[in-house]
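The values are calculated or read from the model by the stated rules, or taken from the named source; none is laboratory data. All values derive from a computational prediction rather than experimental measurement. Please note: Cβ atoms are built from the backbone with ideal geometry, for glycine as well, and neighbour counts cover all protein chains shown. Heavy atoms of the whole protein, side chains included, go into the accessibility calculation; ligands, DNA and RNA do not. Shrake-Rupley method; radii C 1.70, N 1.55, O 1.52, S 1.80 Å.
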Amino acid sequence: MSTTAARLLALLGLLQSRAEWSGAELAARLDVTGRTVRNDVARLRDLGYPVDAVRGPGGRYRLGVGGKLPPLLLDDEEAVAVAVGLRAATAVGGIEESSARALGKLEQVLPDRLRRQVAALRDATSAGPVNTESNVEDPAVDPALLTELAAAIRDHQGLRCWYRSEPREVEPVRLVAWQRRWYLVGRDVGSGEWEPFRVDWLELRTPGGRRFVPTEPPFDLTEFVVREVARTGWAVHARILVHAPADEVLARINPAVGTVEPRDDGTSVLVTGGDSLETVAVWIGMLGLDFTVREPAELVEHLRTLSRRYAAAVAEELTDSRKRARV
């Protein structure tokens, strides 16, 4: 090989191509001496590639864990960001298995320290149903914060934080990705109540809380987040009386939109919300069922505005049709 750099790349390619090579085989393929092979292996190790030596006749070499990519190719934030994206993608229909496999492969090529961080995030996280029709801008979430929360869940370490400007102490149990948001499910130490906390509204305080013995929540964590966020976790909340049974409403909505409560009179209540009045209006308008909205007052007024706008649009169309008919 003409240069050391080219020879190192060729050696790395050989090591990646199969499980083990003898020193003599590598020397023959690279057209160098056994001593040069040993020196090049040492250079790869200095660059961060874990090349293992296997004892035996003639000596053998193999690429260890973390050898498919340079361990320093991804820094801490980049590795966590990729893991977050892959974890969230496991909730997207059609690519769940591919995303899970990719996340597993990512962990295999990371150094031990980063691998532990990513594994903690994977084990601490679940995903709710996805509403692909939402066009709401994603809130900024610091990957380092997600990593710290995942580590606290793994180590059963309590958290002290500011949540919407209020001091809270929380025993964290799970991270849930839902509706393009991240939520921390935990028990408030003061009240003893379980709550979902939006991560982008949360600011950790130091020192942290005390270690705790984890308690298994008496409910499905993802369903809990969907239900509670529909009730309390959006900028706009609404309880919509739908003039149809709960089963019919459930068959028509994306599970990410909210929850449905049956009523004895054959109607149901859709508990939903969004980050804007426009978003909520679109969702309930897509039901294709009769409904009644009494609160919040801002949503009622927004629907009145929409009804006048739509009525005017139809009236103009009728006027144009009559004019054409008289011509």
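Restricting attention to region 271-287, which residues are surrounded by 17 or more Cβ atoms within 10 Å (Cβ to Cβ) and at pLDDT 90 or above?
Once the filter is applied, which keeps residues that are surrounded by 17 or more Cβ atoms within 10 Å (Cβ to Cβ) and at pLDDT 90 or above, region 271-287 yields L277, A281.
Can you tell me which residue among A150, A177, A144 is among the small types (G, A, S), in a strand (DSSP E or B) and under 22 Å from the mean Cα position of the chain (by Cα)?
Values: A150 fails: in a strand (DSSP E or B); A144 fails: in a strand (DSSP E or B).
Only one candidate qualifies: A177.
If we keep just the residues of region 191-242 that are of a type in the set (F, W, Y) and part of a loop (DSSP other than H, G, I, E, B), which is surrounded by the most Cβ atoms within 10 Å (Cβ to Cβ)?
Initially, region 191-242 is screened for residues of a type in the set (F, W, Y), giving 194, 197, 201, 212, 219, 224, 234.
After this cut, where a residue has to be part of a loop (DSSP other than H, G, I, E, B) as well, the list is 212, 219, 234.
Details: F212: 16, F219: 11, W234: 21.
Out of the qualifying residues, it is W234.
Mind checking which pairs have a first residue in region 241-254 that is among the β-branched types (V, I, T) and a second that is crowded, with 16+ Cβ neighbours inside 10 Å and assigned to a helix (DSSP H, G or I), Cβ under 8 Å, 6 or more apart or different chains?
The qualifying pairs are V242/V249; I253/W283.
From A5, A10, A83, grab the single residue that is under 22 Å from D123 (Cβ atoms), of a type in the set (G, A, S) and at pLDDT 70 or above.
Values: A5 fails: under 22 Å from D123 (Cβ atoms); A10 fails: under 22 Å from D123 (Cβ atoms).
Being under 22 Å from D123 (Cβ atoms), of a type in the set (G, A, S) and at pLDDT 70 or above holds for just one of A5, A10, A83, which is A83.
Scan V293, V314 and give me the residue that is open to solvent by 20 Å² or more (accessible area, probe 1.4 Å), β-branched (V, I, T) and over 28 Å from V225 (Cβ atoms). First the steps, then the outcome.
Numbers: V293 fails: over 28 Å from V225 (Cβ atoms).
Among V293, V314, only V314 is open to solvent by 20 Å² or more (accessible area, probe 1.4 Å), β-branched (V, I, T) and over 28 Å from V225 (Cβ atoms).
Scan region 128-138 and tell me whether some residue there is at pLDDT 75 or above and assigned to a loop (DSSP other than H, G, I, E, B). Even if it seems obvious, please write down each step before you answer.
From region 128-138, those at pLDDT 75 or above are none; that's our starting set.
Looking for residues that are at pLDDT 75 or above and assigned to a loop (DSSP other than H, G, I, E, B), one finds none in region 128-138, hence no.
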